[in-house]
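Contents: one structure, followed by commentary.
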Amino acid sequence: MTKSEYPPRKTRRTINEPGHAHFLTFSCQKRSPLLSKDRSRQWVIDALSRLRENRNVAIWAYVIMPEHVHLLFLPRDRIYEMGPILAGLKAPVSRAAKAFLQQTGNDVSLRRLTVRHGDRETFRFWQPGGGYDENIWKEKTVEQVIAYIHANPVRRGLVERPTDWRWSSAQAHAGIEDVPLKMDPVDLS
């Protein structure tokens, strides 16, 4: 089965519950390895940093894999909507990717990531939809999700230890200072 033949990732109804963290997984268009370069991974880091400030979220853990991202965060506002939070994360990465492809004249990739909707064309860096979203509200579960997120590159065989993968929060959780993105303290109280 080729990447384009895979069915879309199942989605889960979003529940905006104050005090609940969200464990998100979202994939690149056609599960392509669009996040295999440091440049595109940095776009995600930059978007996460802006998301923290603009949407008032605490970022607890993340991993950027070649074709998908896992993220664990807590909305700090009592009333929030996941749609704007997801857009605040995904849209800047998509815009940066499209601008880069246009600047470098990579028409093949631009065409491959452009889909038609009737007579309208849309550039798609990410799979459509919100991805997978699971509410997390127990401390033990938070710890398990963080361990799962950090183990992703190890399970894939990209590194031997979670802290060897620069593009995750594993180094920050291990106390390493020189990290792409500092993590917020985990607090469910």
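The values are calculated or read from the model by the stated rules, or taken from the named source; none is laboratory data. Here the structure is a predicted model, which is why all the values come from computation and not from measurement. Methodologically, a virtual Cβ is constructed for each residue, glycine included, from the backbone with ideal geometry; neighbour enumeration extends over all protein chains shown.
Annotations
- The single condition among (1) under 18 Å from the mean Cα position of the chain (by Cα); (2) part of a loop (DSSP other than H, G, I, E, B); (3) within 22 Å of Arg39 (Cα to Cα); (4) not hydroxyl-bearing (Ser, Thr, Tyr) that Ala172 does not meet is (2).
- Matching residues, the range 71-88, being among the aliphatic types (A, V, I, L, M) and surrounded by 13 or more Cβ atoms within 10 Å (Cβ to Cβ): Leu71, Leu72, Leu74, Met82, Ile85, Leu86, Ala87
- Residue check for His68: in contact (Cβ under 8 Å) with a residue 60 or more places away in the chain and surrounded by 14 or more Cβ atoms within 10 Å (Cβ to Cβ): no
- Among (1) surrounded by fewer than 13 Cβ atoms within 10 Å (Cβ to Cβ); (2) touching a Ser or Thr at 6+ places or on another chain (Cβ under 9 Å) - the single one Glu177 does not satisfy: (2)
- Some residue of the range 145-153 being modelled with pLDDT of 95 or more, out of contact with any Phe, Trp or Tyr (no Cβ under 9 Å at 6 or more places or on another chain) and not hydroxyl-bearing (Ser, Thr, Tyr): yes
- Some residue of the range 45-59 being assigned to a loop (DSSP other than H, G, I, E, B), crowded, with 21+ Cβ neighbours inside 10 Å and touching a residue at least 60 places away in the same chain (Cβ under 8 Å): no
- All positions within the range 124-157 that are touching a residue at least 12 places away in the same chain (Cβ under 8 Å), more than 17 Å from His22 (Cα to Cα) and either surrounded by fewer than 15 Cβ atoms within 10 Å (Cβ to Cβ) or over 19 Å from the mean Cα position of the chain (by Cα) (or both): Pro128, Arg156
- Taking first residues from the range 160-185 that are among the polar types (S, T, N, Q) and partners that are surrounded by fewer than 13 Cβ atoms within 10 Å (Cβ to Cβ), the Cβ contacts under 6 Å between residues at least 6 apart in sequence or on separate chains come to Thr163/Ala174.
- Residue list for the range 89-123, restricted to those being buried (at least 18 other Cβ atoms within 10 Å of the Cβ), in contact with a strand residue (DSSP E or B) (Cβ under 9 Å, 6 or more places away or on another chain) and either in contact (Cβ under 8 Å) with a residue 24 or more places away in the chain or assigned to a loop (DSSP other than H, G, I, E, B) (or both): Leu89, Lys90, Val93, Ser94, Ala97, Leu113
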